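The values are calculated or read from the model by the stated rules, or taken from the named source; none is laboratory data. Because the structure is a prediction, the values reported are computed rather than measured. No Cβ is skipped: glycine too gets one built from the backbone with ideal geometry, and neighbour counts run over all protein chains shown. Areas reflect the complete protein model, heavy atoms only, side chains present, ligands, DNA and RNA absent. Shrake-Rupley method; radii C 1.70, N 1.55, O 1.52, S 1.80 Å.
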Amino acid sequence: KVQQGEELYHNYGPDVLHFPKCERQQILAHQYQFVCECTACSVDGTKEPQYALKCEHCPASIWLESGEPKCNSCGRNANVRKFCRRIDLLDQKLGSLQNGLDSAVDFVDSIVEEAVRLYSSKNIMFGSVMDTCAMFYASKKVWDKALDCSERSCLVVETATGKFSQTYALELLKLCAIKIDAQEYKREDSQLKEDALFCVELLKQCKVYELKHLSKVLRW
């Protein structure tokens, strides 16, 4: 129930998880004739955390799209071509995994390790890689790695879309399903119960029902 004076939110379409600031504002200006000044659109569009990469020389973040790919921490310039080659190679590995090719655990380990070295922990591509690898590890019953990757993916989505978004609820739902399958989490685990109830309630409000992970959590 909406209370009097409570702020209302609406997503006009180009969400922060999938579109950089410049594209979001172009779409909104063309379709709705206004300049968006939401929290996400009020930050420097060239320094959005969901597009940050890791500096090769220190733990700081850099942005290749900024036009000045130079680390603000150590002051060293980024090798753009090298970054692009690393991204392309990682995409190729991830593509073979997503296409259902039978992959060994150590091959997926190498994908995770390179993603950790390449992307900021809040980068949307990092979240996508972690999500894919979490599903692979879960299929192989490598529960510790599945849980670690799923938790990383949840953090990316929560940062980009907020805790009360449908996108975050779907990602958290996967984590709950992995926890249930891992069998090391008992029913009295209060955090699992809390997360599961949160997912079910939010997805019910969004009228999202036909999901295998949701069915698993409801049965649990």
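Which longest uninterrupted range of the chain lacks any GluC sites (Glu not before Pro) assigned by DSSP to a loop state (not H, G, I, E or B) and surrounded by at most 14 other Cβ atoms within 10 Å?
Here the longest segment lacking exposed loop sites spans 38-183.
Under a point spin-label approximation (7 Å from Cα along Cα-to-Cβ), what is the residue 106-residue 77 distance to one decimal in nm?
3.9 nm
Whose amide H sits under 5 Å from the amide H of residue 76, counting only residues 5 or more places off or on another chain, with H placed in the peptide plane?
The list, which skips near neighbours in sequence, is 71.
Taking each full run of DSSP H in the chain as one helix, which ones are at least 15 Å long along their axis (Cα atoms) and have mean Kyte-Doolittle hydropathy of at least 0.5?
For the chain, where a helix must reach 15 Å along its axis and average at least 0.5, the hits are 105-118, 124-139, 166-182.
When ligands, DNA and RNA are left out and all protein chains stay put, how many square angstrom of accessible area per residue does the range 125-189 have with a 1.4 Å probe?
With the other protein chains kept in place, the range 125-189 gives 45 Å² per residue.
Give me the lysines in straight-line cross-link reach of residue 93: C-alpha distance below 25 Å, same-chain residues under 8 apart excluded.
List returned: 54, 82, 122, 140, 141, 145, 174.
Can you list residues whose amide H is under 5 Å from residue 54's amide H, if they're 5+ apart or on another chain and H is modeled 1.01 Å from N?
Long-range HN contacts for residue 54: 62, 119, 120.
Would you please classify the overall shape of the range 107-164 from the alpha carbon gyration tensor, given that a ≥ b ≥ c denote the square roots of the eigenvalues, rounded means a/c under 1.5, and beyond that prolate means a/b larger than b/c while oblate covers the rest?
Since a/c reaches 1.5 but b/c is at least a/b, the shape of the range 107-164 is classed as oblate.
Hey, any idea what % of the chain's accessible area is carbon plus sulfur with a 1.4 Å probe?
The C+S portion of the solvent-accessible surface of the chain is 51 percent.
Name the shape class, rounded, prolate or oblate, that the alpha-carbon gyration tensor gives for the range 68-199, where a ≥ b ≥ c are the square roots of its eigenvalues, rounded holds for a/c under 1.5, and otherwise prolate holds if a/b is larger than b/c and oblate otherwise.
Here the range 68-199 falls in the oblate category.
At a probe size of 1.4 Å, how large is the accessible area of residue 159, to the nearest 10 Å²?
Around 60 Å² of this residue is reachable by solvent.
Indicate the gyration tensor shape class of the chain (rounded, prolate or oblate), computed on the Cα atoms with a ≥ b ≥ c the square roots of the eigenvalues: a/c under 1.5 is rounded; otherwise a/b larger than b/c is prolate and the rest oblate.
In terms of gyration-tensor shape, oblate.
Determine, from the Cβ-Cβ distance of residue 89 and residue 57 and an R0 of 25 Å, the FRET efficiency 1/(1 + (r/R0)^6), rounded to the nearest 0.05.
That gives a FRET efficiency of 0.80.
So if we plug the beta-carbon distance of residue 200 and residue 32 into 1/(1 + (r/R0)^6) with R0 = 41 Å, what FRET efficiency do we get, rounded to 0.05?
Here the calculated transfer efficiency is 0.80.
Give a residue-ordered list of calculated ³J(HN,Hα) values for the range 47-63 (Karplus: 6.51 cos²θ - 1.76 cosθ + 1.60, θ = phi - 60°; whole Hz; x for Gly, Pro).
10, 6, x, 6, 10, 7, 10, 9, 4, 6, 10, 7, x, 6, 9, 9, 10
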